[in-house]
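Input: a single structure, listed below in structure tokens.
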Amino acid sequence: MIKKISLRKHIRNIPDFPKPGILFRDITTLVKHKDAFRVAIDKIANKYKGKKIDKVVGVEARGFIFGAAVAYKINAGFIPVRKKGKLPFATKSVSYELEYGRDTLEIHRDAIEPGERILIVDDLLATGGTVKAVTDLVRQCSGKIQAIAFLVELVDLKGREKLKGYPVFSLIKFQGE
């Protein structure tokens, strides 16, 4: 049973982090609270239970927290997508633009069987660049993306626009705040 709890109240706001003018939405205050964490995982998992998801892809690093827990709850496998050089086996990679440079993400070449139904889970949707790169990796592996889920969405940054064509779900939305 999902308890009534305000998840928004468990997100800490940190002004001027990591640089002046940025309001950082800190999820560590949510995950440390057992009831808030349970409610968040249950709400995301309940949306995808019975949807025949084969594997959940979680994005380094906070996406691992939510992705692995959701995978467990919906009886799916879990696949970590990591920064370049962190996975021990043969990988596929994709580089993408950040507001301050470029980065590269990798997935094991054998992580996804062709045609497997994939749910991508991450903690935060901001500009959408990172998760767009993850969709490219999943497609390189011939996975079929069923949906993309986030704990938090910063609506004003318009990250959904980079994810057109995919069903996107976010549990908590911040807009103009």
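Where a number appears in this text, it was derived from the coordinates with a stated rule and is not lab data. The model shown is predicted, which means the values in this text are computed figures rather than measured ones. Cβ: placed from backbone, ideal geometry, glycine included. Neighbour counts: every protein chain shown.
Given the rule -39500 (n - 2.57) for each run of at least 4 DSSP H residues, summed and divided by the residues of the chain, what is its mean residue ellipticity at 222 nm, to the nearest 500 deg cm²/dmol?
Working: 4 runs with 43 residues, N = 177.
That calculation yields -7500 deg cm²/dmol at 222 nm.
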Fully extended contour minus Cα-Cα distance, from Leu23 to Lys162, at 0.36 nm per residue: 47.9 nm
Estimated inter-spin distance, His33 and Asn13, nm [label 7 Å along Cα→Cβ]: 1.5
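With N set to the number of residues, divide the alpha-carbon radius of gyration of the chain by 2.2 N^0.38 Å and report two decimals. Present the calculation step by step, with values, prior to reporting the outcome.
Values: Rg = 15.8 Å, N = 177, 2.2 N^0.38 = 15.7 Å.
Rounded to two decimals, the normalised Rg is 1.00.
To check you understand DSSP bridge types, tell me what percent of the beta bridges within the range 52-174 (both residues inside) are antiparallel, rounded to 5.
30
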20 Å Cα-Cα reach of Lys55 towards aspartates and glutamates, excluding residues that sit fewer than 8 places from it in its own chain: Asp42, Glu106, Asp110, Glu113, Glu116, Asp122, Asp123, Asp136
Per-residue HN-Hα couplings for the range 153-162 [Karplus 6.51, -1.76, 1.60; θ = phi - 60°; Hz; x = Gly/Pro]: 10, 9, 4, 4, 7, 6, x, 4, 4, 7
Candidates Asn13, Asn46, Asn75: whichever shows maximal mean-square fluctuation once the chain is modelled as a Gaussian network with Cα springs under 10 Å: Asn13
Exposed-loop-free span, longest in the chain, where trypsin sites (Lys or Arg not before Pro) count as exposed if DSSP calls them loop and at most 15 other C-beta atoms lie within 10 Å: 110-157
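Over 26 Å between Cα atoms, which of Lys83/Lys158; Lys52/Lys132; Lys9/Lys144; Lys32/Lys144; Lys73/Lys158; Lys19/Lys83 qualify? Present the calculation step by step, with values, prior to reporting the outcome.
On the way: Lys83/Lys158 24 Å; Lys52/Lys132 23 Å; Lys9/Lys144 35 Å; Lys32/Lys144 33 Å; Lys73/Lys158 29 Å; Lys19/Lys83 22 Å.
In this structure, Lys9/Lys144; Lys32/Lys144; Lys73/Lys158 exceed 26 Å between Cα atoms.
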Amide H contacts under 5 Å for Leu124, placed H, 5+ residues apart: Leu151, Val152
